[in-house]
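Trainee: Structure below; questions to follow.
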Amino acid sequence: MKLLLILLFAMLQVNANSYAQSISLKGRSIPVERIFLEIRKQTGLAVLCESDVLESIKPLTVNFNRTPVTDVLTFCLKQTQYTYQLEKNSIVIKTIARPERNTTPGIVNVQKDISGKVTDELGSPLQGVNVRSNNDAGTITAADGSFRMSVPDNATSLTFTSIGYQSKTVSLSGQNTFNITLIKMPDNLNEVVIIGYGTKRKADLVGAVDRVKGVQIEDRPVGNVMQALQGLSPSLVIQQRNMNPNNNSMNINLRGISTFGNNSPLLVIDGVISNDVSDMNNLNPSDIEDISVLKDAGSAAIYGSRSANGVILISTKKGKPGMKPVVSFTGLVGSQNPQVLVKPLKGYQNALLRNDSYINSGSDPIYSSEQIRQFAKGDSEYGLKSILQNALQQNYNLSVQGGAEKTSYMVSLGYYDQQSNFKGPDYGIKRYNLRSNVTTSIGRLKLSTILWYNRTEGNSYQGDEGFIIADASRVPVYNTYILKDNNGRYYNNDVITGGNPLAALEHGGYIKNINDNFQGSLNGELKLFDGLKAKGLVGLDVRPENRLIRRYYWPVYSLAGGETPVNQNASKDYHIEDFNANATLLNIQAMLEYNKTFAGRHNVSGLAGFSNESYRQKRQEIKKRFVDPVLGIPVDGTVIDPTSYNSVGGTTERSIYSYFGRVGYAFANKYYAEGSFRYDGSSKFAKDHRWGFFPSVSLGWRITEEPFFDFWKNRFGDLKIRGTYGKLGNQNIDDYQTLTTYDIYINQYGFNNVGVPGTGYTFGNPELQWETTTSWNIGTDATFLQGNLRVGFDFFQKLTKGILLTPQTPMVLGGAVPKANLGEMKNQGWELTLNYSLRHDDFSHSFGLNVADSWNEVTKFEGNEQISKADEIERIIRVGLPLYSYYGYKTDGLFQNDGDVKNSALPIGFSAKPGDVKYKDRNGDGIINDNDRYVLGHAFPRLTFGFNYTLNWKGLEFNMLWQGVGKRDMALRGETIEPFHGGYSFVMFEHQLDYWTPANSDARWPRLTAPGTASTINNYGKGSDFNLFNGAYARLKNIRLGYTLPKGLTTRYGVNKLNVFVTGQNLLTISKIDFVDPESTEFGNNMTSAGANSARNYPRLIYIGGGVHVEF
């Protein structure tokens, strides 16, 4: 099938006297394509022709000096089979019609005349449509969409093709006149998608690649890019573990869990590989043009050893040649308001029920009747609310884009300021962004330079925010408790005996972080000859960091009275910690790229390249105690913390060399085949195991281009089937694992009454090798409803071998052993995307839905099983189970009476009472012990989804984004589960009121008992499904309502666009659990955890604000 090449698509009103226009051009070996371009540039006439024309006419030596267009065309087309014709506003190049000679005596060739008109879906005529019969007679439609041609009598069908439209074949069947309507090809098939070291049309992709457009994340009140991506791409699972702007820790996984170690995807920004996926958060979201998510081996294998967890490619905005300068400004201002989800009981109610817990345990009540009457007079402010505040968020962005004939540019400035919700001395974060993207062409050479500067300034509380939240949360609202009086004096009480959380926030010190990021890259592209380019890139990333921690003493007094602070003993405890680091990442790339189409249907592409990335960081930190209160300098008695270190002990270096390539073939936009490889050598491995080879192969079939599938194409749209298979690698391990390392520990032994240091060591493993992931993916892309509905589906499976684990060793070894390639696991899942758009006159709306699921299984593990415990919550690694599954007892309701207790299995030594928790006796031996534990669930999010809806009517726009998780288990412990938890908390919450009593026997919670008693330990300390909750949720992540003023009004004042909007974030969450945020998790992206989830989270934040977007 021949494709029509529309050289210059510009519908300009010109008339026949345009032939009188002339052009000037001089040069040797000038392609005819260049001459046609000059005709358009100098006269305004568009030239339309088939691709065969450009391929068949050899380059010409010309010397046109105000030469009429007619003479130019005659010169170009002489001695060819082509002629030209003026079609109102353009010039159409046609094949010279020649009568066919009949070689059979006595047989006369019979021709029949065919005519008609071709229009689009709105009835507008289409010019330049290629009309061709099945025996290769053809023509091109005129400006009014009409065509006329003669075809042999034995012609049976006509095919209509045009770039940007779906081709259509009709049967002649005796008909001579046709009115043809071509359907526009869906935008997502024509759109260009970023892939590894290049770009491709969406229609030509055979790998699993998802695209997120920059417009989807800009002008949203998010703190960083990772937040903005949540819910926008299937299988891109992002969990916001902490909403504190100073500690915005997030998990990011692409297609689930595939290894025991780091599961983070690789990040590439403007072609430069980043050291960490979190580097995307240094970007200004408004600077992003496109994000591509490479998910399978076919698309990601070209990144080799770091692509096992997928690849995220980010391309920033650039100007365009010939683009008029556009100045754009966006400003957003709003408030981040904390939601405290737990609701403490009223003071008197809390005291009464605490008394009940002691009475139920056979002890005396805690509070007297007089105290309870005092509590009933009113409540103090809840401690957690007293340390929180609403916080202002500001976000301003200014950019200039444009371009001349050979040069384009984009310069942007950004400022982001998010205050903290903690009360204190100006806590929060500020980010400054400056970016410059400039591209220029010099003959066959194109140069691009990118300069980027980012500065982040953070000011936060100096201690553990979880402890601050816990201290504030565990104080009941008794009116005899206050944290701070009107005179500014701070108090403790019998709950927080050692301090005061509000005093710690307001006067206890701070952490100041200043991170600067300088990045620059130079890209070169040289066109060697038709189809072949040489490319090169040099990128440098420099990152100086500083962290200063000051810890201060501040007096706290007793509510019982007295002028001596209760923390007087710490009055000299002033600390200072000063951390400095400087990191550099040098990236060098050199490539040859080939892409050429032969005979209009054979596309051959290839890529071969080399790269090197070298990383170096030097860091040092000094910690001192008992320093000067104001200056932080040493005084008498200052002590240097032994964990301080200098740059000798804080240096990290690593490097990776790579050779990579890709070759592809496509036939007639129908059949696709592609192969890629990467050969990586990493300094993280010993010489004999340093290099790894990572290949992949991809195949695709656009079945709707087959004649037998025309029924689908004409009725529904496009259908493509694709599949990939390959091997990927993972080198996300700690540095220097192959070498035996030593550590010096001071004061480890006594010798002659003097402390002397000792040495510890960790063995190296020179046999350490790459983790490898074998992956396959099969998928399909289809369109329906004339291209308005687009559907994509993928199923994948990944098998990871050689996972790095620490071997089991005897406790008497005396040293730490290195990791070895001991583990294996399998991960599989599916993804579904639906996108629909409809436009009618001034109204348009669209929606997008993505749903994905993945599940993993450990297939090899040394010892087959490992159980770990944090507080009462247990997790298990076992062959055949998902990684780090929850493990514990299953409950069997609550004991209802003494007979129920007598007839049930019990833990040894425990005398249960009605209202206590009853556990299932799994093995039926009459005793509840470790042998009765079950696999209870798994915490990784499954059935993740995102849904966005956009409506536009004239200047009005409405948009909303929903995001959520359909299946997830979350285990909770601590004060949100256990009333008056462990004697540590004196609070009971409203959600705990459904507790067992003889009159409430079907209660959710067991009877109230005192902390530390046998019943309390049985009920809350066993680690069971009693601790498990449904973590599924749906969240209105973002909602926006805006209006763009009519252009006719704004242009009077020199404004091309003026849009005002209001927006909200996290306004609604639908979940079965209402006392903790369902996104809360104790796990990182590899499912490891330092402890259990006590729900002592920074509160969920809702944002309400608005903004303005202006373009000049």
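Trainee: Would you mind finding the one in Ile195, Ile257 that is under 17 Å from Ile314 (Cα atoms), touching a residue at least 12 places away in the same chain (Cβ under 8 Å) and among the aliphatic types (A, V, I, L, M)?
Mentor: Ile195
Trainee: Would the stretch 1089-1111 turn up any residue that is on the phi > 0 side of the Ramachandran plot and among the aliphatic types (A, V, I, L, M)?
Mentor: yes
Trainee: Looking only at the stretch 90-122, filter to residues that are under 27 Å from Arg40 (Cβ atoms) and outside any strand (DSSP E or B); which one of those is modelled with the lowest pLDDT?
Mentor: Result: Ala97.
Trainee: Okay, moving on. Does the stretch 795-817 hold any residues that are at pLDDT 80 or above and either of a type outside the set (S, T, N, Q) or part of a strand (DSSP E or B) (or both), and which are they?
Mentor: Phe795, Phe796, Gln797, Lys798, Leu799, Thr800, Lys801, Gly802, Ile803, Leu804, Leu805, Pro807, listed by residue number.
Trainee: Taking the stated definitions as given, is Tyr671 among the hydroxyl-bearing types (Ser, Thr, Tyr), in contact (Cβ under 8 Å) with a residue 24 or more places away in the chain and closer than 25 Å to Asp204 by Cα?
Mentor: yes
Trainee: So for the stretch 677-700 (the condition being under 30 Å from Asn777 (Cα atoms), assigned to a strand (DSSP E or B) and among the aliphatic types (A, V, I, L, M)), does at least one residue qualify?
Mentor: The answer is yes, given that some residue of the stretch 677-700 is under 30 Å from Asn777 (Cα atoms), assigned to a strand (DSSP E or B) and among the aliphatic types (A, V, I, L, M).
Trainee: Can you name every one of the strands (runs of 3 or more DSSP E) wholly within the stretch 158-224 that holds 3 or more residues which are within 16 Å of Ile291 (Cα to Cα) and at pLDDT below 90?
Mentor: In the stretch 158-224, 192-195, 198-201 are the strands (runs of 3 or more DSSP E) which contain 3 or more residues that are within 16 Å of Ile291 (Cα to Cα) and at pLDDT below 90.
Trainee: Quick check on Arg1007: is it of a type outside the set (Asp, Glu) and either farther than 25 Å from Asn360 by Cβ or at pLDDT below 95 (or both)?
Mentor: no
Trainee: Just for the stretch 200-218: of the residues that are under 17 Å from the mean Cα position of the chain (by Cα) and either among the hydrophobic types (A, V, I, L, M, F, W, C) or over 20 Å from Glu831 (Cβ atoms) (or both), which one is surrounded by the most Cβ atoms within 10 Å (Cβ to Cβ)?
Mentor: For the stretch 200-218, the residue satisfying everything is Ala208.
Trainee: Out of curiosity, is Asn433 surrounded by 19 or more Cβ atoms within 10 Å (Cβ to Cβ) and over 30 Å from Asn486 (Cβ atoms)?
Mentor: So Asn433 passes the test.
Trainee: Counting only residues that are touching a strand residue (DSSP E or B) at 6+ places or on another chain (Cβ under 8 Å) and in a helix (DSSP H, G or I), which one in the stretch 38-55 is modelled with the lowest pLDDT?
Mentor: Among those that are touching a strand residue (DSSP E or B) at 6+ places or on another chain (Cβ under 8 Å) and in a helix (DSSP H, G or I), it is Ser51.
Trainee: Provide a single number: the residues in the stretch 829-854 that are out of contact with any Lys or Arg (no Cβ under 7 Å at 6 or more places or on another chain) and within 30 Å of Tyr887 (Cα to Cα).
Mentor: 4
Trainee: Take the residues of the stretch 841-870 that are surrounded by 14 or more Cβ atoms within 10 Å (Cβ to Cβ) and among the aromatic types (Phe, Trp, Tyr): which is farthest from Leu229 (Cα to Cα)?
Mentor: Once the filter is applied, the top-ranked residue is Phe861.
Trainee: A further question follows. Tell me which residues, restricted to the stretch 497-533, are hydrophobic (A, V, I, L, M, F, W, C) and in a helix (DSSP H, G or I).
Mentor: Leu502, Ala503, Ala504, Leu505
Trainee: Can we say Gly600 is more than 27 Å from the chain's Cα centre (by Cα), part of a strand (DSSP E or B) and under 30 Å from Tyr665 (Cα atoms)?
Mentor: Spelling it out, it is not the case that Gly600 is more than 27 Å from the chain's Cα centre (by Cα), part of a strand (DSSP E or B) and under 30 Å from Tyr665 (Cα atoms).
Trainee: Would you confirm, using the coordinates I've provided, whether Leu838 is in contact (Cβ under 8 Å) with a residue 12 or more places away in the chain and exposed (fewer than 14 other Cβ atoms within 10 Å of the Cβ)?
Mentor: yes
Trainee: Let me ask something else. Can you find a residue that is more than 30 Å from Tyr919 (Cβ to Cβ), outside any loop (DSSP other than H, G, I, E, B) and either without any contact (Cβ under 8 Å) to a residue 12 or more places away in the chain or not polar (S, T, N, Q) (or both) anywhere in the stretch 858-871?
Mentor: Checked the stretch 858-871: at least one residue is more than 30 Å from Tyr919 (Cβ to Cβ), outside any loop (DSSP other than H, G, I, E, B) and either without any contact (Cβ under 8 Å) to a residue 12 or more places away in the chain or not polar (S, T, N, Q) (or both).
Trainee: Continuing with this model, one more query. Could you count how many residues in the stretch 1019-1041 are out of contact with any strand residue (DSSP E or B) (no Cβ under 6 Å at 6 or more places or on another chain) and part of a helix (DSSP H, G or I)?
Mentor: Qualifying residue count, the stretch 1019-1041: 1.
Trainee: To continue, here is another question. For residues that are in contact (Cβ under 8 Å) with a residue 60 or more places away in the chain and assigned to a strand (DSSP E or B), scanning just the stretch 818-827, find the one that is nearest to Asn765 (Cα to Cα).
Mentor: The extreme case among them is Gly823.
Trainee: Looking at Leu86 and the list (1) out of contact with any Ser or Thr (no Cβ under 9 Å at 6 or more places or on another chain); (2) assigned to a strand (DSSP E or B); (3) modelled with pLDDT under 80, which single condition is not satisfied?
Mentor: Of everything listed in (1) out of contact with any Ser or Thr (no Cβ under 9 Å at 6 or more places or on another chain); (2) assigned to a strand (DSSP E or B); (3) modelled with pLDDT under 80, Leu86 misses just condition (1).
Trainee: Are there any strands (runs of 3 or more DSSP E) wholly within the stretch 283-354 with 3 or more residues that are under 22 Å from the mean Cα position of the chain (by Cα) and β-branched (Val, Ile, Thr), and if so which?
Mentor: Passing ranges, in order: 288-294, 311-316.
Trainee: Right, something else. Considering only the stretch 647-666, state which residues are at pLDDT 90 or above and of a type outside the set (Gly, Ala, Ser).
Mentor: Those that are at pLDDT 90 or above and of a type outside the set (Gly, Ala, Ser): Thr651, Thr652, Glu653, Arg654, Ile656, Tyr657, Tyr659, Phe660, Arg662, Val663, Tyr665.
Residue-wise test of (1) under 30 Å from Pro234 (Cβ atoms); (2) surrounded by fewer than 19 Cβ atoms within 10 Å (Cβ to Cβ); (3) in contact with a helix residue (DSSP H, G or I) (Cβ under 9 Å, 6 or more places away or on another chain).
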position: Thr950; (1), (2), (3): yes, yes, no
position: Ile977; (1), (2), (3): no, no, yes
position: Gly982; (1), (2), (3): no, yes, yes
position: Val987; (1), (2), (3): no, no, yes
position: His991; (1), (2), (3): no, yes, yes
position: Ala999; (1), (2), (3): no, yes, no
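Condition check ((1) among the small types (Gly, Ala, Ser); (2) assigned to a loop (DSSP other than H, G, I, E, B); (3) surrounded by 13 or more Cβ atoms within 10 Å (Cβ to Cβ); (4) in contact with a helix residue (DSSP H, G or I) (Cβ under 7 Å, 6 or more places away or on another chain)) across all residues:
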residue: Gly717; (1), (2), (3), (4): yes, yes, yes, no
residue: Thr724; (1), (2), (3), (4): no, no, yes, yes
residue: Tyr736; (1), (2), (3), (4): no, yes, yes, no
residue: Tyr742; (1), (2), (3), (4): no, no, no, no
residue: Asn765; (1), (2), (3), (4): no, yes, yes, no
residue: Leu768; (1), (2), (3), (4): no, yes, yes, yes
residue: Ile778; (1), (2), (3), (4): no, no, yes, no
residue: Gly787; (1), (2), (3), (4): yes, yes, yes, no
residue: Arg790; (1), (2), (3), (4): no, no, yes, yes
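Trainee: What pairs come out if I take residues in the stretch 572-594 that are within 20 Å of Asp636 (Cα to Cα) and touching a residue at least 40 places away in the same chain (Cβ under 8 Å) and pair them with residues that are surrounded by fewer than 16 Cβ atoms within 10 Å (Cβ to Cβ) and among the small types (Gly, Ala, Ser) whose C-beta lies under 9 Å away, six or more apart or interchain?
Mentor: The qualifying pairs are Lys572/Gly637; Glu577/Ser644.
Trainee: What strands (runs of 3 or more DSSP E) lie completely within the stretch 916-972 and have 1 or more residues being without any contact (Cβ under 8 Å) to a residue 40 or more places away in the chain, within 30 Å of Gln896 (Cβ to Cβ) and within 30 Å of the chain's Cα centre (by Cα)?
Mentor: Those strands (runs of 3 or more DSSP E) do not exist here; none qualify.
The values are calculated or read from the model by the stated rules, or taken from the named source; none is laboratory data. Quick caveat, the model's predicted, so the values are computed rather than measured. As a convention, Cβ positions derive from the backbone with ideal geometry for all residues, glycine included, and neighbour counts pool all protein chains shown.
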